[in-house]
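Below is one structure, written out as structure tokens; the observations come after it.
No value in this document is a laboratory result; all are computed from the given coordinates. Bear in mind that the values here come from a model prediction, so they are computed numbers and not experimental data. Counting neighbours? That spans all protein chains shown, and the Cβs are built from the backbone with ideal geometry, glycine included.
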């Protein structure tokens, strides 16, 4: 009994010591590696690039269940992440989690980059370094296009944005769509959701009247669900200059390096190619 | 609409049974690890709680009250985002989440063990003491063997709870039934159907485990 | 009697449970070979007094010398002294998860480092003495109340104590089983074991004791030979008590 007590005391004491020490030094430990002057150097030293993403956003990032392990995470953003790792000469490690946790993982230093179809918003720009936009396509499709998914049966009753006023609209928590919904639909009842499938389910079961969603993603859902439709009515989007990559605040060296790679990708027109491939891929694995 | 759901269910089961199977194994593995390590840690905490030291008592009581009084999902986020930095380690996402689950389980199990020990007739303790048995021997040879009868079924129930609670791991895409469900939802653009199957799986798993706990309870009570 | 024969010496013993004073100052000596019965009404403090003797209850004040050592001193290893002080409880408190034999041998093996064979041989002798040798490998749930209490007695004896404390050993028994337990206690007393017995069995106390203590309101109100206490009581509270129980 006395011995057990001793051990317990020791455990507790060491736990508390470590905790307090850790708490005192947590400022430094944000830049974990002391030899690295910044995050970019740290990545190179560590030999691994950690990318946070939420794979529920086809065709940017989604899951192919016929594969296993990290290989099952596919999409144009994943290709992009691979490319960045390659350019830095390091391994890629994906940290997969819900969208709401993706930005937290980056601001917290758990991941180096957030590549998850992030659009520019002011809030995000305040808490993170945002890269240049990278998702541009020069054909008719506007990657900034944002609209509303509705049930096919009610498609005819939504002619203008005003027809959505007073309705219940689902949008992903902390997303651009959430902001657009609040800003552009008067008197809207916002239903915050953690992932898009929950929104689809709410829509199908009549709990919400519409779901705010990027146009490309919406198209993929409509193709695979005949009871859904994509409203003609679209949000008015400012030119936010495409999708961004999220980086921890203050890590300007890493941001500059990422921007350099984006320039290179855009120059070669690589992202548009990945995006097209991923769109076909996403459409091909649907169940229907 | 129902015909469509039925067709999708058939398709899921026939084509993606392997993914569900992996999910089931994941759920069982994560739950078992949490409860096993939770029990080891929980036993130490329970012994500490039963000691006479007031300081140790209040620290440990705060520990269990705090963990039982905050949501598991919040703990998962805490252990993923902050804990490794606080104690200065470099854990993978999976390790962080498993540690959080073990810590969570330890708080519940320590209460189970404490209650199980206290439920042993106080006369047993007095008899052992009057014979001159040391506290340690009394605990190991007299009290714990009798407390096990109260404790084991309750730990079985904790495992059942964990099977359900671990579905929160899908927030971090740890391989379990709920993560499989989410993956199927996003990759097949199905919504309700994977949930129906997940619900059935959880129900069957917990029913089977309940049955086992029932049998265990019956066997243990025979020795009364 | 001489100093050398004092086995237990109690000085100024007080015990409070919170605000409630249960023992209010007891000075008493138990001599070696004595059989002392303690009588008194429920709640008089007689069980608490007995339980203080092996510190199952921590005394609030006063000292208890056992074989010359102050066992109320926090620095003594009380476990070692308890091995010399056997105790039998009202509710038997046999260990239900151990066989009859293991109930007896577990403490000698664990605490006195006795060899298993030796402990078991000794336990069998004790079981034969109380007529339970054939139950050695049964679990206590198969025993009657009287058998359980007899087992509890030899379990304590296996530690070879210098004194036996009995805390109302027959109160929880069915009437037909009281006798078999009293027989065992009587035999022990006749063999010279020092016994302190808290009991409601007045006839038994009168028959077996060298000395009877009457405890009332937390103090020893009267003490003397069984004849003095039962036949010529002086204290009015004792007279009143005896008129109720006899």
Q) Taking Cα atoms, how many degrees apart are the long axis of helix C:116-129 and the longest axis of chain C, rounded to 10 and kept between 0 and 90? A) 60
Q: Please give the per residue volume of the convex hull enclosing the alpha carbon atoms of chain C, rounded to a whole number of Å³.
A: 135
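Rounded, prolate or oblate: pick one for the range C:126-202, where a ≥ b ≥ c are the square roots of the eigenvalues of its C-alpha gyration tensor, a/c under 1.5 means rounded, and failing that, prolate if a/b is larger than b/c, else oblate.
On the way: a/c = 1.88, a/b = 1.18, b/c = 1.59.
Oblate shape, in that a/c is at least 1.5 and b/c is the bigger or equal ratio.
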(Q) If every alpha-carbon in the range A:240-280 counts as one equal scatterer, what log10 I(q)/I(0) does Debye give at q = 0.22, 0.29 1/Å? (A) -0.81, -1.03
**Q.** Cα centroid separation - the range B:17-60 against the range B:91-147, whole Å
**A.** 13
Q) Cα centroid distance between the range C:119-168 and the range A:245-285, in Å? A) 83
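Taking the inverse of the average 1/r across all pairs of different Cα atoms in the range B:48-131, what Kirkwood radius in Å do you get? Mind showing how you got there, number by number?
On the way: mean 1/r = 0.0670 Å⁻¹.
About 14.9 Å, per the Kirkwood formula over Cα pairs.
Once you compute Rg and the Kirkwood Rh from C-alpha atoms, what is the Rg to Rh ratio for the protein assembly as shown?
Details: Rg = 38.1 Å, Rh = 32.0 Å.
Ratio value, two decimals: 1.19.
Express the C-alpha Rg of the range C:167-233 as a ratio against the empirical globular expectation 2.2 N^0.38 Å, rounded to two decimals. Could the numbers behind the result be given before it?
Numbers: Rg = 12.5 Å, N = 67, 2.2 N^0.38 = 10.9 Å.
Normalised Cα radius of gyration, the range C:167-233: 1.15.
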Q) P(r) for the range C:131-171: what percent of alpha-carbon pairs falls in each 10 Å bin, starting at zero? A) 25, 52, 23, 0
Q: Using only the Cα atoms of the range A:146-234, build the gyration tensor, take square roots of its eigenvalues as a ≥ b ≥ c, and label the shape rounded, prolate or oblate: rounded if a/c is under 1.5, else prolate if a/b is larger than b/c, else oblate.
A: rounded
Q) Hey, what number do you get for chain C at 222 nm if only DSSP H runs of n ≥ 4 count, each worth -39500 (n - 2.57), divided across all residues, to the nearest 500? A) -10500 deg cm²/dmol
Q. Over the Cα atoms of the range B:136-187, what Rg and Dmax result, in angstrom?
A. 18.5, 58
Q | Reciprocal mean inverse distance between Cα atoms of the range C:39-170 - Kirkwood radius, Å | A | 15.8
Q) Which value does Rg/Rh take for the range A:213-288 over its C-alpha atoms, Rh per Kirkwood? A) 1.08
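With a 10 Å radius around each residue's Cβ, average the other Cβ atoms per peptide and rank B:204-213, B:80-89, highest first. Before the final figure, lay out the partial values.
Details: B:204-213: 14.0, B:80-89: 17.8.
Put in order of decreasing packing, that is B:80-89, B:204-213.
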Q: Stick to the Cα atoms of the range A:157-288, pair each with every other, and give me the Kirkwood hydrodynamic radius in Å at one decimal.
A: 17.0
**Q.** Cβ-based exposure ranking for B:6, B:91, A:274, in which fewest neighbours within 10 Å come first
**A.** B:6, B:91, A:274
Q. Under a no-solvent Debye model with one identical scatterer per Cα of the range B:2-222, what's log10 I(q)/I(0) at q = 0.09, 0.12 Å⁻¹?
A. -0.47, -0.75
Q. For chain B, modelled as a GNM with alpha-carbon contacts under 10 angstrom, which of B:45, B:160, B:22 fluctuates the most?
A. B:22
**Q.** Dmax and Rg, reported as Rg then Dmax, of the range B:143-224 (C-alpha, Å)
**A.** 17.1, 56
